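Notes for the one structure printed next.
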C-alpha cells in the first residue's frame, strides 16, 4: 500500500520516535514516553502490573496524528515506587500530570486500570478532554467480586514473581508453572496453558520492574477504596467509546457493569466476542480501525 500524503504526513517529515522523560508528580518521578508533535495530545494509560510498552501494537498508527503521552503508573516500569497503590492514587497522579504538564484539549485511551483512570480524568477535566476510549475497565470485578474469579490466584502469582529473584528464565518458569485456581468451576490450570510464551515473557519483563506492593490492595480487596467508578462514568461529558472483552474468555467488564456505564448517553459500547482482557493485543487491527474512526471524528 502506498503512503497517502492526504491522510498523514509525508514520510520525509514524519517523526515516530518516543522519548522517555521523567515528570515530577507528588514529589516523585513518573516516567512518561512522549512522542513528536504530530497533532493533539493523546494520553495512554496502561493496566495494573503492565508498563507503557503494552501499547506498542497501537503506537505506529497513533503517533501519525497525535502527540502521544504514554506513562508508567507509580510503582510500574521506570516510575518511582510509592506508599499507596489504590485506584484513586493513580487517578491523583494523572490529574496532576494533565493539570501541570499537558496543555490544550486532549484525548485519552486507557486499558483496564487505565480505563478507570481515564474515565476519572474525563470527569475531572470536562473542558479539556474531548474524547475517551476505555478498554475493558474491570470495575467491581477487581473489587469485592475478585474472590469469585481466577484473578485472586493470578495476582498472587504476579506478586510472587515480582518479589522473586533470579534470571529472566527463572521468573518465566516460575510464572509458567503457577497454577491458577478458578473458583467458578473449581479447576486449576497452569499459566502456560492459558497464555503463549511470548505474552508470558512480556509479563515477566513488566513484573521485573513492578513494586510487588502494587498487588497488595488488590489481594486485600481494598483497591477501589475512595474511587467511585459509577460517579466518574456518569460525569463524563465527552464522546466516549467503551471496548468490552468477553468475560467468558478472560474479560473483566461484566455485561451488567457495561449496561450501567452506558446509562451515560455519551458512552457507546463495542463488544468483542471470544476476546480476552488485552483486546488491543488480541484484536489489534479491529481496535485500530475503531479507534482511528473515533479519534478522527473528534
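General observations
- Matching residues in region 234-253 - criterion: being farther than 21 Å from residue 106 by Cα and not in a helix (DSSP H, G or I): 244, 245, 246, 250, 251, 252, 253
- With respect to the conditions (1) assigned to a helix (DSSP H, G or I); (2) assigned by TED's automatic domain parsing to the domain that holds residue 87; (3) more than 17 Å from the chain's Cα centre (by Cα), residue 287 falls short on a single one, namely (3).
- Selection within region 117-153: residues that are assigned to a helix (DSSP H, G or I) and touching a strand residue (DSSP E or B) at 6+ places or on another chain (Cβ under 7 Å). The member of this set that is surrounded by the fewest Cβ atoms within 10 Å (Cβ to Cβ) is 153.
- The set of residues in region 32-61 that are crowded, with 23+ Cβ neighbours inside 10 Å and out of contact with any helix residue (DSSP H, G or I) (no Cβ under 9 Å at 6 or more places or on another chain) contains only 52.
- Checking every residue in region 154-174 against the condition of being more than 18 Å from residue 49 (Cα to Cα), surrounded by 15 or more Cβ atoms within 10 Å (Cβ to Cβ), out of contact with any helix residue (DSSP H, G or I) (no Cβ under 8 Å at 6 or more places or on another chain) and in contact (Cβ under 8 Å) with a residue 24 or more places away in the chain gives zero matches.
- Considering residues of region 229-248 that are within 18 Å of the chain's Cα centre (by Cα) and more than 24 Å from residue 60 (Cα to Cα) only, the residue surrounded by the most Cβ atoms within 10 Å (Cβ to Cβ): 233
- Scanning region 211-233 for residues that are farther than 15 Å from residue 74 by Cβ, in contact (Cβ under 8 Å) with a residue 40 or more places away in the chain and part of a helix (DSSP H, G or I) returns 219, 229, 231, 232, 233.
- One residue stands out among those in region 269-284 that are in a helix (DSSP H, G or I) and touching a helix residue (DSSP H, G or I) at 6+ places or on another chain (Cβ under 7 Å): the one that is farthest from residue 246 (Cα to Cα), which is 280.
- Unmet criterion (only one of (1) surrounded by 15 or more Cβ atoms within 10 Å (Cβ to Cβ); (2) in contact (Cβ under 8 Å) with a residue 24 or more places away in the chain) for residue 262: (2)
The values are calculated or read from the model by the stated rules, or taken from the named source; none is laboratory data. Predicted model only: the values in this text are computed from it and were never measured. Every residue, glycine as well, gets a Cβ built from its backbone with ideal geometry; the counts of neighbours run over all protein chains shown.
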